[in-house]
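What follows is one structure encoded as structure tokens, with my remarks underneath.
The values are calculated or read from the model by the stated rules, or taken from the named source; none is laboratory data. All values reported here derive from a predicted model rather than from experimental measurement. A quick note on method: Cβ atoms are made from the backbone with ideal geometry, for glycine too, and the neighbour counts reach across all protein chains shown. To get the accessible areas, we keep the full protein, side chains included, count just its heavy atoms, and leave off ligands, DNA and RNA. Shrake-Rupley method; radii C 1.70, N 1.55, O 1.52, S 1.80 Å.
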Amino acid sequence: ALDRARVRGSLLTDHKLANLYLLLRYAVPADAPVFEFGSFRGGSAVFLASVQAALGRSGRVYAFDTFQGMPATD
């Protein structure tokens, strides 16, 4: 999943991708859809979908982008 995210161009660090993994593994029900906002190149969405598949889950991943950037975070 990490390799797929990197090839696709994810801007997230490995630590942030690891946090997404932990959320999928322990907090998100197996059949729940996952929504990503601010997908840019889709690297994180590919990561999420790869993890879902590796865990044998049926929840789909939906990615949305503003094409203008997301608001700054702190």
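Okay, here's what the table says:
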{"item": "Residue list for the range 37-56, restricted to those being open to solvent by 50 Å² or more (accessible area, probe 1.4 Å) and farther than 11 Å from Arg8 by Cβ", "result": "Phe37, Ala53, Ala54, Leu55, Gly56"}
{"item": "Residues within the range 1-20 that are modelled with pLDDT under 90 and of a type in the set (Ser, Thr, Tyr), tallied", "result": "1"}
{"item": "Contacts under 9 angstrom Cβ, first residue in the range 53-68 being in a helix (DSSP H, G or I), partner of a type in the set (A, V, I, L, M) and surrounded by 15 or more Cβ atoms within 10 Å (Cβ to Cβ), 6 or more apart", "result": "Ala53/Ala1; Ala54/Ala1"}
{"item": "Residue list for the range 21-44, filter: at pLDDT 95 or above and within 26 Å of Gln68 (Cα to Cα)", "result": "Pro33, Val34, Phe35"}
{"item": "Of residues in the range 1-35 being in contact (Cβ under 8 Å) with a residue 24 or more places away in the chain, in a helix (DSSP H, G or I) and open to solvent by less than 70 Å² (accessible area, probe 1.4 Å), the one farthest from Ala45 (Cα to Cα)", "result": "Leu24"}
{"item": "Single unsatisfied condition, Asp74 versus (1) without any contact (Cβ under 8 Å) to a residue 12 or more places away in the chain; (2) open to solvent by less than 90 Å² (accessible area, probe 1.4 Å)", "result": "(2)"}
